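As structure tokens, the structure follows; a few thoughts come after it.
The values are calculated or read from the model by the stated rules, or taken from the named source; none is laboratory data. Since the structure is predicted, the reported quantities are computational estimates derived from the model, not experimental observations. Cβ sites come from the backbone with ideal geometry, for glycine too, and all protein chains shown count toward neighbours.
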Amino acid sequence: MSAFSHELNWSANFGKTIESAARAFPPLIPSMADDYRQVEELLLLGLDWNSYGAAPIAETAAKQAKTIVCRVAWSAAKRAREAHPYYIGPIPTGGVQLEWRGGDGREIRLEVRPDESLKAMFVGWENGHKTREYRDNISVLEVVPMIVDLAAGI
């Protein structure tokens with residue numbers, strides 16, 4: 001089975017428990033289970049989890065976050081790399097934040113919204129100053145290669 005076919009079959013596993021999904025991981029990237037588990041744990045947060053009226057994490061946002069983590073892991077594995085999120089956390093509007101950091105100080109932060117749309121912030125350095133670029137409604141297909149390049153130091 002090709003890596004791409006396996007990735008497509010992966011999406012069918014989202015409805016299973018995290019334990020059965022973890023067993024379905026290919027031996028190539030077994031540590032992806034930890035990233036999935038972190039996303040799943042966010043679903044345990046209820047209404048007002050931050051004591052400021054935060055919404056519970058939406059199932060749709062968690063599913064989209066897991067899709068992104070999976071695509072990044074597979075794409076990185078094709079380059080014999082690993083690209084785990086540096087940070088996985090809740091967003092008060094019911095979304096999930098995913099963050100990757102490169103060794104050169106660059107970062108990509110994704111806000112996965114309850115409607116599954118994405119907002120990205122790209123952090124970099126130019127002439128010794130930190131720069132930030134924001135992109136709203138960026139696609140998964142567009143951002144995944146950027147994350148893999150960041151992890152690969154490109």
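For residues in the stretch 34-75 being among the polar types (S, T, N, Q) and touching a residue at least 24 places away in the same chain (Cβ under 8 Å), which is farthest from residue 153 (Cα to Cα)? Going through the qualifying residues, I end up with 50.
Which residues, counting only those in the stretch 49-74, are in contact with a Lys or Arg (Cβ under 9 Å, 6 or more places away or on another chain) and in a helix (DSSP H, G or I)?
Taking the stretch 49-74 as the starting set, the residues that turn out to be in contact with a Lys or Arg (Cβ under 9 Å, 6 or more places away or on another chain) are 58, 60-61, 64.
Scanning the stretch 49-74 gives 60, 61, 64.
Taking the numbered list (1) at pLDDT below 95; (2) assigned to a loop (DSSP other than H, G, I, E, B); (3) in contact with a Pro (Cβ under 8 Å, 6 or more places away or on another chain) in turn, residue 83 passes all entries but (3).
Take the conditions without any contact (Cβ under 8 Å) to a residue 12 or more places away in the chain and farther than 25 Å from residue 52 by Cβ and apply them to residue 127. Does it pass? For residue 127, the condition - without any contact (Cβ under 8 Å) to a residue 12 or more places away in the chain and farther than 25 Å from residue 52 by Cβ - is met. In the condition set (1) of a type outside the set (A, V, I, L, M); (2) more than 24 Å from residue 117 (Cβ to Cβ); (3) surrounded by fewer than 17 Cβ atoms within 10 Å (Cβ to Cβ); (4) at pLDDT below 85, residue 37 is compliant with all but (4).
Please enumerate the residues belonging to the stretch 67-88 that are in contact with an Asp or Glu (Cβ under 8 Å, 6 or more places away or on another chain), under 15 Å from residue 39 (Cβ atoms) and not hydroxyl-bearing (Ser, Thr, Tyr). Result: 69, 70, 71, 73, 84, 85, 88. Condition test on residue 78, is it charged (D, E, K, R), farther than 21 Å from residue 42 by Cβ and either in contact (Cβ under 8 Å) with a residue 24 or more places away in the chain or surrounded by 20 or more Cβ atoms within 10 Å (Cβ to Cβ) (or both)? Judged against the criteria, residue 78 is a match. Screening residue 96 on (1) assigned to a helix (DSSP H, G or I); (2) within 20 Å of residue 137 (Cβ to Cβ); (3) not hydroxyl-bearing (Ser, Thr, Tyr) shows it passes everything except condition (1).
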